[in-house]
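One structure below.
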Amino acid sequence: MMKKQFLSIFALAASFAAVQAQNANVQIIHNCPTPAAGMVDIYVNLGSGFTANPLVEDLAFREATGYLQVPAGLSGARVAIAPEFGMGTTINDTLVSFALPTLTQGSSYVAIAAGEIGDPNTPFDLFFGTGALAAANPNDFDVNIFHGSTDAPAVAVFTDLDALIPAVPSLGFGAFSGFASLPASDLLTLLTPDTDFNTMVEGFGVPLATLNAAGAAGVLFASGKLSPATGEPAFGLFVALPDGTVLQLPQVDVSRVQIVHNSPDPMVASVDIDVVTSAGDVIPFDNVGYLQSTPYLLAPSDSYRILFSAPNSPDTSGALVKIPATLMRNTTYQVVAAGLANTSGTNFANSVSVNGSSVDFGLDVIANSLPWSTSPTTVSIAVFHHSPDAPMVDAVGSTGTVLVDDISFGEYQGYLPIPTIADGQIRITPANDNNTTVATFAAPLTSLSGYGLTIFATGFLTPDDENVSNLQPFGLWVAFPEGGNLVELTPVMSLENASGLSQMNLFPNPVNEVSTLVFNSNRSMNATMTVVNTLGREVANLGEVSLVEGSNSLTVNMSALSSGQYFLTLTGNDVRVAMPFIK
């Protein structure tokens, strides 16, 4: 088989002498999988007939030229693609002929022959996009992505730089993404349907550091078929470099994972987490605190060891515990650390809760978690019970529907899509007694449309006992896909409640610039007054207040708040109450 040959600049000069001084740079990529177009010659017609000699000769499927100089500023120019040796000096054997766009002098373009000859759905065509001879930044690799797989649906493209926000949210057959810059490091990329970011389709490695690609540019193109018939090329991703080199990206089994720290034991309030691959490579997460999580990450599917160490550990040799976890191909996971450490402080084995029941520290590895909801008008919610001293409970929605039934410590209930047409509440009740309310929490559903979330029941119903005091009190906390601090669902207490505060009233409500909170307290205490929004995020800290036994009246300055719905909260050692209000 002949290797592809290109006309020299001198030959081009002879053919196009009148216009040779005004050129554009064009790279041509052959991506048509039809067997009849297995190897082709490419001819040009600048208005006076096709040239006798091909501009590009013997270009095979998945091959590319380097950047060629082609006359710019001409209208009506055409290009013809013919089988190898088939054209001669006529156009009788032309497979297809295309009009060339008017090219701008000095600009760079890429022309990709794609589609299938005779297919009405994805017909053979010449697709033009922006080209580049080099990266804009010498430390980056600039890439333009082209969808050239005839039977693949429109896709979203993710990289391990951000496993949640797609680098390309939607790319259909025949479309270019436009150039974007990537750091010249070894990366992972993931393809999903553009209508369902939860479904992982295929992963690939992008070894930019291995290829010393800093400062270079290229065109990444999808090629072949997802479901090839006999003799047809299979799907793959390829990169064409400016000199015409074409590299196939390696297929990599990829998983998506979020790690959540949900152990309320003070001994492990903060830990270093090291994720170790089967090859011994270490992915570190330093100083991860209780009620914190990583974002969802892309990782090679593998058998891992997850190591928990004291904060700022110099290495993993003194790890407190090593727990295995296996991540399977095209699967999304939450890995949750929960339970209690050994009271001796030496290791995590055979732990005993402060209230006497065994709740060993360990990992819950949950497959098929959802970073996004199944519909943009719902929030998909899963629930973990990780409160060490809480009994089996139910969770009941605003309409009385039992959302979670009979869940005990360490148990998990999968995703339930909840319409987000109105905010609501979640009541925690004893199992089999939905008339008795243990606690009630605001559920800001309208703020959460499109999310896939996990709610963790955590902390202690009894935060003080004879052994330990000031433990995290019971609450519901939400892990968001982007990671960071978990967000507490705001408790909504009845007027007569276990905190000792009653007859609470905020007036006026909706509030003015200054409002008044009145209530009764059964004892004197200090508390912090804050304002949180419907997502449970603090938006104002109003400082420390001293409560007296009996009647209390507090002046509250609301002038800094914008219009919206909020909760005014009072928090002390064993007090957590909230008053909803509107401004």
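Per-structure values
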quantity	calculated
Matching residues in the range 151-189 - criterion: being among the polar types (S, T, N, Q), closer than 17 Å to Val239 by Cα and in a strand (DSSP E or B)	Thr159, Ser181, Thr189
Residue count for the range 175-189, restricted to those that are out of contact with any Phe, Trp or Tyr (no Cβ under 8 Å at 6 or more places or on another chain) and crowded, with 16+ Cβ neighbours inside 10 Å	3
Qualifying positions in the range 227-262 - in contact with a Gly (Cβ under 6 Å, 6 or more places away or on another chain) and under 29 Å from Val288 (Cα atoms)	Val252, Val254
Filtered residues of the range 458-473 (kept if at pLDDT 85 or above and of a type outside the set (Val, Ile, Thr))	Gly459
Thr210, sole failed condition from (1) surrounded by fewer than 16 Cβ atoms within 10 Å (Cβ to Cβ); (2) outside any loop (DSSP other than H, G, I, E, B)	(2)
Subset of the range 47-73 [surrounded by fewer than 16 Cβ atoms within 10 Å (Cβ to Cβ) and either aliphatic (A, V, I, L, M) or at pLDDT below 80 (or both)]	Gly47, Ser48, Gly49, Ala52, Asn53
Leu297 being out of contact with any helix residue (DSSP H, G or I) (no Cβ under 6 Å at 6 or more places or on another chain) and either surrounded by 21 or more Cβ atoms within 10 Å (Cβ to Cβ) or without any contact (Cβ under 8 Å) to a residue 40 or more places away in the chain (or both)	no
Hits in the range 108-130 (condition: of a type in the set (A, V, I, L, M) and either within 12 Å of His30 (Cβ to Cβ) or within 31 Å of the chain's Cα centre (by Cα) (or both))	Val110, Ala111, Ile112, Ala113, Ala114, Leu126
Some residue of the range 483-500 being modelled with pLDDT under 85, under 36 Å from the mean Cα position of the chain (by Cα), of a type in the set (Val, Ile, Thr) and crowded, with 18+ Cβ neighbours inside 10 Å	yes
Residue in the range 83-91 that is more than 41 Å from the chain's Cα centre (by Cα), modelled with pLDDT under 80 and within 25 Å of Val219 (Cβ to Cβ) present	yes
Close pairs from the range 95-122: first on the phi > 0 side of the Ramachandran plot, partner in a loop (DSSP other than H, G, I, E, B) and among the aromatic types (Phe, Trp, Tyr), Cβ under 7 Å, at least 6 apart	Gly115/Phe124
Output for the range 158-174, where each listed residue is surrounded by 15 or more Cβ atoms within 10 Å (Cβ to Cβ), small (Gly, Ala, Ser) and farther than 20 Å from Pro295 by Cα	Ser170, Gly174
Subset of the range 275-305 (residues that are part of a strand (DSSP E or B) and touching a Lys or Arg at 6+ places or on another chain (Cβ under 9 Å))	Val275, Val276, Leu297, Leu298, Ala299, Arg305
Test: Leu237 is part of a strand (DSSP E or B) and more than 21 Å from Asp140 (Cβ to Cβ)	no
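The values are calculated or read from the model by the stated rules, or taken from the named source; none is laboratory data. Because the structure is a prediction, the values reported are computed rather than measured. Note that we place each Cβ from the backbone using ideal geometry, even for glycine, and neighbour counts take in every protein chain shown.
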